[in-house]
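Single-structure report; data block below.
We did not get these values from a lab; they are worked out from the coordinates using the rules stated. The structure displayed is predicted, hence computed values, not measured ones. Heads up, the Cβs are rebuilt from the backbone with ideal geometry, glycines too, and the neighbour counts pull from every protein chain shown.
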Ligand code: DAT
Ligand code: MG
C-alpha cells in the first residue's frame, strides 16, 4: 500500500493557546512526516466546503464561527496508516472525555462552548483526506 497522506488542522484554540509546537512534536515523535504546513485564516466558503457533511446540524453554525475566530495551522502529513494513526493521537471528539495520553484528552476540555474546542482536526478516511487536502492546499 502506498504511503498515505492526511489533513491535520491545529484549530484556532490550539494556535491561540500556543500548543502548535506541542502538537507537532507529538506528530513527529510518532514518526509521521511533515509534507507541507501553513497558517491559514479560512473564510466561510472554505469552511463550508470542509464541514459540508455537518451542514444543518445544530452545532454547524457555532462550529463555523469558532473556526473563523483566528488562524489555524494546516498540515499535510504523511506515513503508513497516518489517517487512522493521527485520529488515534487526537483522541475522541469530546475533549472532556477523550482518553488521557491523546491530544484532546491531555489539553482539551469543555470551556463552555460544548465540544467545538477540541484543538485538532484529522481526516477520517482516504476519500476525506483527498478532498480536504484539496480544500486547504489546492
Ligand atoms: P471529529 O472532529 O472528531 O472528526 P466530527 O467530524 O463528528 O468530529 O465533528 C466535527 C467537529 O464538529 C468536531 O471536531 C467538533 C464539532 N462537533 C461535533 N459534534 C458536536 C456536538 N455534538 N456539539 C458541538 N460540536 C460538535
Ligand atoms: Mg470529522
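A few notes on this one:
- Among the residues of the range 1-40, those that are in contact with a strand residue (DSSP E or B) (Cβ under 8 Å, 6 or more places away or on another chain), exposed (fewer than 13 other Cβ atoms within 10 Å of the Cβ) and touching a residue at least 40 places away in the same chain (Cβ under 8 Å) comprise 3, 31, 38.
- Residue check for residue 46: within 11 Å of ligand 1 (Cβ to nearest atom), assigned to a helix (DSSP H, G or I) and touching a residue at least 12 places away in the same chain (Cβ under 8 Å): no
- Within the range 25-43, being assigned to a helix (DSSP H, G or I) and within 21 Å of residue 130 (Cα to Cα) holds for one residue alone: 27.
- Unmet requirement for residue 80, which otherwise passes all of (1) touching a residue at least 24 places away in the same chain (Cβ under 8 Å); (2) within 23 Å of residue 18 (Cβ to Cβ): (2)
- Residue 62 being more than 18 Å from residue 30 (Cα to Cα), surrounded by fewer than 16 Cβ atoms within 10 Å (Cβ to Cβ) and away from ligand 1 (no atom under 12 Å from the Cβ): no
- Residue check for residue 119: within 22 Å of residue 16 (Cβ to Cβ), more than 14 Å from ligand 2 (Cβ to nearest atom) and buried (at least 20 other Cβ atoms within 10 Å of the Cβ): no
- Criterion violated by residue 105 - all others in (1) surrounded by 14 or more Cβ atoms within 10 Å (Cβ to Cβ); (2) away from ligand 2 (no atom under 13 Å from the Cβ); (3) under 19 Å from residue 32 (Cα atoms); (4) more than 11 Å from the chain's Cα centre (by Cα) satisfied: (3)
- Which listed residue is surrounded by fewer than 16 Cβ atoms within 10 Å (Cβ to Cβ), closer than 23 Å to residue 35 by Cα and under 16 Å from the mean Cα position of the chain (by Cα), from 53, 84, 48: 84
- The set of residues in the range 102-135 being closer than 13 Å to residue 86 by Cα, more than 10 Å from ligand 1 (Cβ to nearest atom) and without any contact (Cβ under 8 Å) to a residue 40 or more places away in the chain consists of 102 alone.
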